[in-house]
């Protein structure tokens, strides 16, 4: 565990839960490591991803819409003190299209990033490309390495339908997360205090 100071979001009118999202930039300053595979906290790893360390910096999976951009939820990167300082200097100067670190990083690394397959950052929301999404889910997720629980979080809802008013969420992915959660609670009772939200009325 590395304690870092929060970096305030410099974009005006950003969402409240994005107020410290620029703290992610600290990962570029972890110079004690030769290479880092960064994952957002709302990701569920389904298969071994150690081989990602073989990919160049910066590597990331494409954002669904538009595909010319990358999603910063999973990144393979080489930390550098100079790179971290540069990003910190530009954070307040470069407009972010989504008012988060993702917009800044896409602008900074434009034309200089390696595209990973979509299956390394598989968004749980089927809204953007429903046919492609359903195809992966129906194939037993055998090709998916990491599921990104974007939007509504399974730890905020007892069942998927409570956060699925638009029908964009996959019950299968939702239940997959809950199954892993329950397994983790059973195997880590000494360090975790778990509440079974899924069985509440």
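Number of residues in segment 7-49 that are loosely packed, with under 13 Cβ neighbours inside 10 Å, within 13 Å of residue 77 (Cα to Cα) and within 18 Å of the chain's Cα centre (by Cα): the value is 0. For segment 66-90, a tally of residues being in contact with a helix residue (DSSP H, G or I) (Cβ under 6 Å, 6 or more places away or on another chain) and over 19 Å from residue 41 (Cα atoms) returns 5.
Would it be correct to say that residue 57 is touching a strand residue (DSSP E or B) at 6+ places or on another chain (Cβ under 7 Å), crowded, with 16+ Cβ neighbours inside 10 Å and either closer than 22 Å to residue 34 by Cα or at pLDDT 90 or above (or both)?
It is true that residue 57 is touching a strand residue (DSSP E or B) at 6+ places or on another chain (Cβ under 7 Å), crowded, with 16+ Cβ neighbours inside 10 Å and either closer than 22 Å to residue 34 by Cα or at pLDDT 90 or above (or both).
Within segment 116-123, is there a residue that is over 25 Å from residue 18 (Cβ atoms), modelled with pLDDT of 75 or more and surrounded by 12 or more Cβ atoms within 10 Å (Cβ to Cβ)? Checked against the condition, which is being over 25 Å from residue 18 (Cβ atoms), modelled with pLDDT of 75 or more and surrounded by 12 or more Cβ atoms within 10 Å (Cβ to Cβ), segment 116-123 yields at least one hit. Hey, any hits in segment 64-83 for a residue that's within 19 Å of residue 143 (Cβ to Cβ), touching a residue at least 12 places away in the same chain (Cβ under 8 Å) and assigned to a loop (DSSP other than H, G, I, E, B)? Looking for residues that are within 19 Å of residue 143 (Cβ to Cβ), touching a residue at least 12 places away in the same chain (Cβ under 8 Å) and assigned to a loop (DSSP other than H, G, I, E, B), one finds at least one in segment 64-83, hence yes. Filtered by the rule that a residue be touching a strand residue (DSSP E or B) at 6+ places or on another chain (Cβ under 7 Å) and either buried (at least 21 other Cβ atoms within 10 Å of the Cβ) or at positive phi (or both), segment 103-115 gives 105, 106, 113. Please verify whether residue 169 is at pLDDT below 80, touching a helix residue (DSSP H, G or I) at 6+ places or on another chain (Cβ under 7 Å), surrounded by 18 or more Cβ atoms within 10 Å (Cβ to Cβ) and not assigned by TED's automatic domain parsing to the domain that holds residue 44, treating the condition exactly as stated. It is true that residue 169 is at pLDDT below 80, touching a helix residue (DSSP H, G or I) at 6+ places or on another chain (Cβ under 7 Å), surrounded by 18 or more Cβ atoms within 10 Å (Cβ to Cβ) and not assigned by TED's automatic domain parsing to the domain that holds residue 44.
Scanning segment 138-153 for residues that are at pLDDT below 85 and either in contact with a strand residue (DSSP E or B) (Cβ under 9 Å, 6 or more places away or on another chain) or farther than 12 Å from residue 176 by Cα (or both) yields 138, 139, 141, 142, 150, 151, 152, 153.
The values are calculated or read from the model by the stated rules, or taken from the named source; none is laboratory data. Predicted model only: the values in this text are computed from it and were never measured. Cβ: placed from backbone, ideal geometry, glycine included. Neighbour counts: every protein chain shown.
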